[in-house]
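All remarks here apply to the structure that follows.
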Amino acid sequence: MSKIKVAELFYSIQGEGRYMGVPSVFLRTFGCNFKCAGFGMPKNTYSNEADEIAEVVHMYTKYEQLPLVSTGCDSYASWHHSFKDLSPMLTSDAIVDRILELLPNKQWEDEHLVITGGEPLLGWQRAYEDLLEHPKMQNLREITFETNGTQALTEDFKNYLNDKWYGGDTVPANREITFSVSVKLSNSGEKREDAIKPDVVSEYQNWGMTYLKFVVATPEDVEEAVHTSNVFRQGGFDGPIYLMPVGGVESVYNLNNRKVAELAMMYGLRYSDRLQIPLFKNAWGT
């Protein structure tokens, strides 16, 4: 039986992108290839509050106790090695049983599954067939993978999607996969050559509806997002593009959200809110 290292598993509403407002179960996997230390910090002075928290990691025994950060990745505990012991390795059976406990009617109905991270398309691809084909998951119809768009789908996972989600007489009707690609601009602190992979993202379109999200704060960020969007377009991407405001905590988010919405209108792009911040203060498990 497959196992996945799980940072968080919770029920909430989707706060971002295409399914904003939809009741969803979030499976947050552990591990990422990026740190994204720059969000909310002036360029060239990036720091990472997660590193400061890691120095006193012994103070925390539960994921929910960890402080929120105003700069850097707001889900830092899903990849920072200092917090790995807070993320258990769970079998598919254990994950499914917990999901059913979370669902309002103890079974899949209209709810959505969001597999996020960290980066959920790292090594965990090998475990998803076992999880998604579990007998208690058969009524699930919609999945979103929240990815940074740098990890290609494995041949085994593509074969699984082809056979069990899109092909054959036994495939349930109305199954749909979405790839929500949060492309990292220079404001993230990541190198452009590592973050921008148009060929990888274009291939996602063969297996599900795919869109881009850019986290931005300034007109310069948006100009870079527009330029980067054109790079993806030239690489074959033809899906929607969203702008989303920087802000892991409400004070930072409130400084950016209206400005980003106005910039989205100026460029004819879609705006995505981050409902988990005004509604739930971006607390863990929301």
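The values are calculated or read from the model by the stated rules, or taken from the named source; none is laboratory data. All values derive from a computational prediction rather than experimental measurement. For neighbour counting, all protein chains shown are included, and Cβ atoms are generated from backbone atoms with ideal geometry for every residue, glycine included.
Here Val200 fulfils each of the conditions (1) modelled with pLDDT under 95; (2) under 17 Å from the mean Cα position of the chain (by Cα) apart from (1).
Has the range 140-147 got at least one residue that is surrounded by fewer than 19 Cβ atoms within 10 Å (Cβ to Cβ) and either of a type in the set (Ser, Thr, Tyr) or not in a strand (DSSP E or B) (or both)? Yes, some residue in the range 140-147 is surrounded by fewer than 19 Cβ atoms within 10 Å (Cβ to Cβ) and either of a type in the set (Ser, Thr, Tyr) or not in a strand (DSSP E or B) (or both). Within the range 98-105, does at least one residue satisfy the condition of being crowded, with 18+ Cβ neighbours inside 10 Å and farther than 23 Å from Arg274 by Cβ? Yes, that holds for at least one residue. Contact map, the range 99-121: residues that are closer than 21 Å to Phe30 by Cα paired with residues that are part of a helix (DSSP H, G or I) and aromatic (Phe, Trp, Tyr), Cβ distance under 6 Å, separation 6+ or inter-chain. Pairs shown: His112/Tyr19.
Residue-wise test of (1) under 23 Å from Val22 (Cβ atoms); (2) among the β-branched types (Val, Ile, Thr).
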residue	(1), (2)
Asn105	yes, no
Glu109	yes, no
Thr116	yes, yes
Leu122	no, no
Ala127	no, no
Asn148	yes, no
Glu155	no, no
Lys158	no, no
Tyr166	yes, no
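Condition check ((1) of a type outside the set (Phe, Trp, Tyr); (2) modelled with pLDDT of 95 or more; (3) touching a Phe, Trp or Tyr at 6+ places or on another chain (Cβ under 8 Å); (4) under 24 Å from Phe237 (Cβ atoms)) across all residues:
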position: Leu102; (1), (2), (3), (4): yes, yes, yes, no
position: Trp108; (1), (2), (3), (4): no, yes, no, no
position: Tyr128; (1), (2), (3), (4): no, yes, yes, yes
position: Leu161; (1), (2), (3), (4): yes, no, yes, yes
